[in-house]
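Heads up, the thing below is written out as structure tokens.
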Amino acid sequence: MRFVDFEWGCFRDVALDAAYFRVPFPGCESSFALPPGMSEAMLEAWRNEVAAVWPDLDDPELLDERLRDAQLLWVWLCTWGLLPRIREKDTLAGPDPSRSPRISSVLGGYWRRVGEQADTAGRPGTAKLAEAILTALAARFTDTPPDLPLYPAFRAAG
């Protein structure tokens, strides 16, 4: 049995769905970090499933290029949606205070990852933009935690 999630279902570039693992999960109200290597493992599992349908995505370089573009689009979309909410106050990204980081943490995490990807891919303009956004967030929200916490499912029971 295979389950299909039609959240935000529509016709679009399949790389936008796969980039969910790199952002991670931008459609969720509570965005957290994945453990190191988890995003890559999820993308590899996804690629193994879709390569039969979209053989060009079996090329790691082509897939990585498309994922970088899709990741940047998701981060811009999230920035557009979240930034107006923190003009006055840095609030939680989602409604549940026990399960949601602050907006500045979410945006910082997203842009930090985009900047890292852009830097390794030789996209200096995007890397500089990410650095400028991170600098502006850090200057405005000085008490923002430097890293997003892990998704609750990946946290050690304490």
So what is the orientation-averaged projected area of the range 105-158, using the convex hull of its C-alpha atoms, in nm²? 4.6 nm²
Using alpha-carbon coordinates, inclination of helix 103-121 to the longest axis of the chain, degrees: 50 degrees
For the chain, what does the accessible surface come to per residue with a 1.4 Å probe? Please give it in Å². 61 Å²
State, to one decimal in nm, how far the label point of residue 128 lies from the label point of residue 76, with both points 7 Å from Cα in the Cβ direction. 1.8 nm
How much length is gained on full extension from residue 116 to residue 38, taking 0.36 nm per residue of separation minus their Cα-Cα distance? 26.4 nm
Which percent of the Cα-Cα distances in the range 67-151 go past 20 Å? 31 percent
Contour minus Cα-Cα distance for residue 51 and residue 25 (0.36 nm per residue): 7.2 nm
Where in the range 12-52 are there trypsin sites (Lys or Arg not before Pro) that are in a DSSP coil and have at most 13 other Cβ atoms within 10 angstrom of their Cβ? 12
Would you mind checking which residues have amide H under 5 Å from residue 150's amide H? H placed 1.01 Å from N; only 5 or more apart, or other chain. 33
Before rounding to the nearest 500, sum -39500 (n - 2.57) across all DSSP H runs of length at least 4 in the chain and divide by the residue total; then give [θ] at 222 nm in deg cm²/dmol. -16000 deg cm²/dmol
How big is the convex hull of the Cα atoms of the chain, per residue, in Å³? 140 Å³
Report, to the nearest whole %, how much of the accessible area of the range 10-79 belongs to carbon and sulfur atoms, 1.4 Å probe, protein only. 64 percent
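The values are calculated or read from the model by the stated rules, or taken from the named source; none is laboratory data. Predicted, not measured: the structure shown is a model, and the values here were computed from it. All Cβ positions, even for glycine, are placed from backbone atoms using ideal geometry, and neighbour counts span all protein chains on display. Just so you know, the surface numbers come from the protein's heavy atoms only, side chains and all, with ligands and any DNA or RNA stripped out. Shrake-Rupley method; radii C 1.70, N 1.55, O 1.52, S 1.80 Å.
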